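In what follows, a structure is listed as structure tokens, so that the remarks can point back to it.
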Amino acid sequence: MLRLYLITPPEGDPTDAVRAALEVLPRGSAGVQLRQQLPARELLERARAIREICTNFAAPFLVNDRADVALAAGADGVHLPARGLKPKDARALGLQAVGESVHSAEEAARSEADFVVFAPVFDTPGKTAQGVEKLAEACRATRLPVFALGGVDASNAARCIDAGARGVACIRSVLGAKDPAAAAIALWKAIVLAVVLGAGAARADDSRYQDFPVGSRATALGGAFVALSDDPSGLYYNPAGICDARKLNVNVSASLYGFERQSRGAITIDRGTFSIAGLNELNVIPGEAGLLKGVGALDDRGTPFAYGFDVTVPQFRSYGVDATDPFIVHDRVIDRTFTVAAGGGMRFNDKLNVGFAVHYVLRLYETSEDALSKTGPSSEPTVGAYHASASFENGNVVGVVGAKYHYSEEWVFGTSLGLPGVPLHSGGSVSVQDVISDPTAPAGSRSQANLYNTTDVNSRTFVPALLRVGAAHIKPHRWTISGQITGHLGTSYDRFSVDPSIEQRLRVQDHVEREAVIDVNFGGEYLLNPEYSLAAGFFTSRSGAPEFRLAPDGTLLPGSSREPRVSLYGATATLGLIGQHSISRLGMSVAYGTGDDAVPNDPTGIIDPGGFRPAEVKQLFLYFFLASTFRY
């Protein structure tokens, strides 16, 4: 796979530099263009010398502009200037490969060559840079491979690859360098790192607010609990309800087994079909554990005062991408949120309860990317091993105030307001490592390693304000029906702070935009007899991600949100076992949704490493849970 296009300097004999560079590069990874203004006879002699070197290293060889010299020298093709011979005329002469120089997206779109070279991307002597954005426009305008030229070296090659370029072209940075072999190795490593480590779609999902209900009775009712909130999970939904519990109330819930299935179907590209799907088993999550203590005389409703503590796992996300050809790539992401709450509730009068809780919200995010490449002959292959990992953690403090109104024995209303989160702490680390071993390289340069490690990473998860409003209709000792509407305000924040080049390798979008969202919860519980009950619930988890901003060719524009636009619709079913001092619930929760996600144009990053495009996504959450509430 051609990634590097070496162009000879305008002066001097470049044959030794070409040989030195090709000796250290994987076979077939680089091509050479002879671009010098010389008399025809001298140019032909130089072309034949370079062609012989290129043949030995399986490197395509092209001659700039002079189709006649290319034919006479036995070159693979000709490279045409922007106003040179037409590609079809060059092919008519018998030349197999035709490249063409372009300087705009329009020229790239019109080209009929086999590949194009866009220039200048960065500043070069006598020429002003067009920039990476113009390069990206050219890449989106054509399906042809695009090589970036003009001031490209090891320090900025990754930016060209991320913009959509197939590879990079260079004059001074390799064949014009004092040590062409060392320069070629450095540039090749920068290209391969950008390609392989940019292959995964690693990202944190900030598009939804809750993928499944949490709690014991709350889960049985599909999360419609704000009007009841009479067990420890009330601290999560509405702290005003906790004083309607018994004097001592202990709540524990955990999943017995569960999984998440995320499928983006199959994506077919030049070398084959890649399935983008991930299956994740959920162990003892989602879960919740809490304790309430009533204070004062116990009556039919509960106690005048109550306080408690609660721990929940309101969000758990995971992703995975695997590819085996032409590179082996494994990409994994785990994104979790934990909430610890403490609060109290009291009776304001005979009908109204009020409450307040403080939540500590901890988010933990981890991503890892591993890749292995083998090029060259099987007897002495060039092996590249790559590893990148990142972890971010941040904590917010969130206040929740609530009210519960007992309209009658059969009707209860509740509401709670979650205040915007206050950042408390943040931290993180990033590690990028690559090792390349080439047994054919000169002694002393057969193994090359790069290490990047930092633990000075700031991150943020902004928790927006929310409002829950609900009602419950209760037939004592027979059934309960509960409904709830939850509104989440929109938010905008920068997720973390790392060096831009490292951010591009991790492919985690920094800036997050979420629009306001309204979710619905509804559930009912029926008492079969004094020992058994049945419950069912329905809930939504709608995406707050904004619309994708698309280019004319259907790919995402730079700066567009890449958050998945998948809204979930779920249900719960529960069997309750009632004892003298406890209620145990065995049930199942399932949620399913379809929508669009932003996926790399090429999941391996090999055929088309740059850019994203929308793809249909199907997500399924399923888990079985056991929850017990102990009341004394």
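The values are calculated or read from the model by the stated rules, or taken from the named source; none is laboratory data. Treat the numbers as computed from the prediction; the structure is a model and nothing was measured. Because the Cβ atoms are built from the backbone with ideal geometry, glycine has one as well, and the counts that use them run over all protein chains shown. Keep in mind that these areas ignore ligands, DNA and RNA; they rest on the heavy atoms of the full protein, side chains included. Shrake-Rupley method; radii C 1.70, N 1.55, O 1.52, S 1.80 Å.
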Quiz item: Within the stretch 574-581, can one find any residue that is farther than 18 Å from G287 by Cβ and either among the hydroxyl-bearing types (S, T, Y) or buried (at least 22 other Cβ atoms within 10 Å of the Cβ) (or both)?
Solution: yes
Exercise. Select from the stretch 290-348 the residues that are in a loop (DSSP other than H, G, I, E, B) and at pLDDT 75 or above and list them in ascending order.
Key: G296, A297, L298, D299, D300, R301, G302, T303, P304, F348
Quiz item: For the stretch 31-62, which residues satisfy the criterion of being out of contact with any Phe, Trp or Tyr (no Cβ under 7 Å at 6 or more places or on another chain), of a type in the set (A, V, I, L, M) and in a strand (DSSP E or B)?
Solution: L34, L62
Quiz prompt | Residue that is surrounded by the fewest Cβ atoms within 10 Å (Cβ to Cβ), among those in the stretch 383-440 that are in a loop (DSSP other than H, G, I, E, B) and touching a Phe, Trp or Tyr at 6+ places or on another chain (Cβ under 7 Å) | solution = Y407
Practice problem: Give the residue that is modelled with the lowest pLDDT, with candidates limited to residues of the stretch 202-232 that are open to solvent by 10 Å² or more (accessible area, probe 1.4 Å) and within 20 Å of S567 (Cα to Cα). | Solution: R203
Quiz item: Of all residues in the stretch 233-257, which are under 36 Å from the mean Cα position of the chain (by Cα) and either at pLDDT 60 or above or among the charged types (D, E, K, R) (or both)?
Solution: S233, G234, L235, Y236, Y237, N238, P239, N251, V252, S253, A254, S255
Quiz prompt | 1 or more residues loosely packed, with under 15 Cβ neighbours inside 10 Å and basic (K, R): qualifying strands (runs of 3 or more DSSP E) within the stretch 66-122 | solution = none
Quiz item: Do the conditions hold for V457, that is, is it farther than 21 Å from S497 by Cβ, in contact with a Ser or Thr (Cβ under 7 Å, 6 or more places away or on another chain) and modelled with pLDDT under 85?
Solution: no
Quiz item: Quick check: anything in the stretch 127-137 assigned to a loop (DSSP other than H, G, I, E, B), modelled with pLDDT of 90 or more and open to solvent by 50 Å² or more (accessible area, probe 1.4 Å)?
Solution: yes
